[in-house]
Every structure is written in C-alpha cells, then in structure tokens.
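The values are calculated or read from the model by the stated rules, or taken from the named source; none is laboratory data. This structure is a prediction, so every number in the text was calculated from the model and none was measured. No Cβ is skipped: glycine too gets one built from the backbone with ideal geometry, and neighbour counts run over all protein chains shown. Accessible surface areas use protein heavy atoms only, side chains included; no ligands, DNA or RNA. Shrake-Rupley method; radii C 1.70, N 1.55, O 1.52, S 1.80 Å.
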Amino acid sequence: RLTTDNITDGMEVCTSQGTDITFTVDTNGTVFVNNDSEITTPDIDIRNGVVHSINNVLLPPSALTTTWEYLDQSASHTTFFELLENANFTFLDTDGPFTMFAPTNDAFDRSTIDFNALTVNQTKDLLNYHIISGNHLSYELFKARQKETLLEGMSLKFYARYYKLYIKYGPYQSRVKSKNILTSTGVIHVVDTVLRIPGLPSM
C-alpha cells in the first residue's frame, strides 16, 4: 500500500511485472510517474489497497522493443533466439502481432530433442509451434482454453493451477514462468519447457 504521503522525489518501486517505475515530486507537491504521467487523483482507498488515477498509460520498457529485439537482448533466451535467427524468423521484428511462447535456456538444457539433428523444416515447424497469431494475454488464453499455432493443424491447450497458467501439448505440459511481456509486435510468455512436436529426433 503506497500513498502519496510515502512517495519521495526520485523514489523507485518495482512493479508486479518486475520492472521499476520512478516517481518525481515537483515543488507544488504534484507526483509524476516516469516523468510524464501525472497522478491526477491520488490515494483512492479500496478494500484491498489504494488506487492513483494518472493521465497517461504506463508502458513497460519491453513495449518499446519488438519481439525479435526483446529475445535478442534477453540473457535467458540465447538458445531460443539462435534457433530463430538461424531459421530467419525476422518477421518477428516487423510483422505482427504475434503471441510467442519463449523457452528459457534451462528449458533447452532439459529437453530431450536432438537439436543438432533437426532439418531446416523441422526447426521451422518447431518454432511455429511456439507462436500464435494475434495478441493474447494470459487470462485470454485461459478463457479460450485452446489456440491454433502458426504450425498448420497444431494447437495448444491452456489451463490454470494455483493461479499459474499451464500449456498442454500432446502428452506434455509446460508452465508459464513469466507472462504478458508486451512488445511492439506482440506478447511474450516465458515457458519452462520446449514445446515438442511429434517426429523430432531425440538424444
């Protein structure tokens, strides 16, 4: 619970998404968020906290990058981005919107897929299985229960358990570790497994 009485000039606060916002307070006591969003109606008490009305939409830093740029800059997705780069999936830098399920490096380390043995077409099919057309936030995926991927004829199913979103694909499941990362070309959900499709070589 953060009221304006507790906000000081230059104060930084971490949001639930994991990014910081910065407060500035001018000489009149007016509070701004990230320099350009003014708190116009402060300290609205609600049952489970406090609300501050502001005059601008706050965008996370990721919204200023494309999906391609975000994954290129992410230290947790170097293996996944290398696959995207080798498969020439540069449309993620210009087209969209697309919803991407991005496996971490740890997910690749745990996978039993023999990535070195994949053909070009198998690599493209695998990557397309991680992409859905359109912007889809986590609650929309949960409500939809199932969505078609860019891999023709293949879909992903979604369910929630203990407030976490899960993906069911064939006999496997994957947990969404970080959800609703907004980019200028779509949405990224970080997942803890590589979403496997049938017919891939195993190690």
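Odds and ends about this structure:
- Backbone HN-Hα couplings from phi across region 148-157 [Karplus 6.51/-1.76/1.60, Hz, Gly and Pro as x]: 6, 8, 6, 7, 4, x, 10, 10, 10, 10
- With helices as the sole contributors, the chain gives -5000 deg cm²/dmol at 222 nm; each DSSP H run of n ≥ 4 counts as -39500 (n - 2.57), and the sum is divided by every residue.
- Dipole magnitude for the chain: about 1300 debye, using +1 per Lys or Arg Cβ and -1 per Asp or Glu Cβ, origin at the Cα centre.
- Region 13-132 shape via C-alpha gyration tensor axes, a/c threshold 1.5: prolate
- Magnitude of the charge dipole, region 19-85, Cβ model with Lys/Arg +1 and Asp/Glu -1, debye to 20: 240 debye
- Protein-only accessible surface order, largest first, of Met203, Met154 at 1.4 Å: Met203, Met154
- Relative contact order of region 1-154, taken over Cα pairs closer than 8 Å and 6 or more residues apart, is 13 percent.
- Annotation for Asp72 and Asp43: the two label points, set 7 Å from Cα along the Cα-Cβ direction, are 4.7 nm apart.
- With all protein chains modelled, accessible area of Phe108 [1.4 Å, Å²]: 20 Å²
- [x] 32, 18, 17; [y] 39, 18, 14; [z] 25, 19, 18, with the label sought being that of the calculated semi-axes √(5λ) of the Cα gyration tensor in Å: [y]
- Protein-only accessible surface at a 1.4 angstrom probe places the residues Leu64, Leu195, Leu58, Leu151 in the order Leu64, Leu58, Leu151, Leu195, largest first.
- Averaged over its residues, the chain has an accessible area of 57 Å² per residue, based on protein heavy atoms and a 1.4 Å probe.
- Loop-exposed trypsin sites (Lys or Arg not before Pro) per DSSP, neighbour cap 16 Cβ within 10 angstrom, longest uninterrupted part of the chain: 48-144
- Residues in region 126-137 carry Karplus couplings, in order, of 4, 5, 4, 5, 9, 10, 10, 6, x, 8, 9, 6 Hz; the curve used is 6.51 cos²θ - 1.76 cosθ + 1.60 with θ = phi - 60°, and Gly or Pro positions show x.
- Carbon/sulfur fraction of accessible area - region 27-150, other protein chains in place, 1.4 Å, %: 46 percent
- Under Karplus coefficients 6.51, -1.76 and 1.60, residue-wise ³J(HN,Hα) of region 182-188 in Hz, glycine/proline x: 7, 10, 6, 10, x, 10, 10
- Residue (of Leu64, Asn88, His52) at the positive-pole extreme of region 10-105, dipole from beta-carbon charges: His52
- Within region 128-190, the GluC sites (Glu not before Pro) that combine a DSSP coil assignment with at most 13 other C-beta atoms in a 10 angstrom radius are Glu152.
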